[in-house]
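Shown next, in structure tokens, is the structure this report addresses.
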Amino acid sequence: MLFDGVPARIQPQPAGMPLIPEKGETSMCLNRRERGNAFIEFVLVASFFFVPIVLGLVTVGISVIRSQQVTQLTRDVGHMLAKGVDFSQQGNQNMVVNDLANGLSLQANAGNVTGSSTGNGVLVLSTFENLTATCDCPNAGHTVVVDRIVIGNNTLYQSGFGNPAYIDPTSGQVANYSSDAGAIADNLSSVISLPAGGLAFMCEGDFAFNDLGVAGYMTKLGAFNRAVF
């Protein structure tokens, strides 16, 4: 409708009378508000859904990388042990902790070969010998632990291959391995077969990734690996 040639919807309103929007204008305002509310709701819901997924993917990715590092670490240290590197020496232990195990929270020993109770990782280095049946000793014909060195937190893991009664705290040598029943490690045959008089060198590594745990979602992340030469 026109009043004096001017559309009615833009005619001046009498003083004191509130402006009443057209039906189409009201609908447009409501649609904008609804779209804004829907967007806010989506962001809130998505944050609760996607954020844990992203955090989980990042955590798993870092855990996989560290697991590969643990595998490589045990192989390298085990190979060095087989080549004759003396890990009872503090300098060699420090090399492992500071270089090979960098980022794994492996703590160096304080002048011993029995480990400590600190840190998030441990390496157990063992040397085995398959005593001949003619050695004229109580453990003849058995595989025994002749040397064991622990680097790192000894509360995390203890080797299941032999449990000697006494290990020299400075050299790692097992006393009386030819007669100590606890030194027998015949279950080593499940890992490697030794001929009579043969030697085997093992490095076992157990590491906890405590800094990667997500409460109520992923806990007790870590890695274990064993290398035998």
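The numbers here are math on the coordinates, done by the rules we state, and not lab data. Here the structure is a predicted model, which means the values were calculated and not measured. Note: ideal-geometry Cβ built from the backbone for every residue, glycine included; neighbour counts use all protein chains shown.
For the reader, a short list of remarks on this structure follows.
- Taking a ≥ b ≥ c as the square roots of the eigenvalues of the alpha-carbon gyration tensor, segment 51-228 is classed prolate because a/c is 1.5 or more and a/b outweighs b/c.
- Separation between Cα centres of segment 64-143 and segment 162-199, rounded to whole Å: 14 Å
- Projecting label points 7 angstrom from Cα along Cα→Cβ for Val60 and Gln90 puts them 4.4 nm apart.
- Residues Thr127, Thr132, ranked from the fewest to the most other C-beta atoms within 10 Å, line up as Thr132, Thr127.
- Relative contact order of segment 51-228, defined on C-alpha pairs under 8 angstrom at six or more residues apart (%): 26 percent
- Neighbour counts of other Cβ atoms within 10 Å put Cys203, Cys135 in the fewest-to-most order Cys135, Cys203.
- For segment 72-112: rounded, prolate or oblate by the Cα gyration tensor [a/c cutoff 1.5]: oblate
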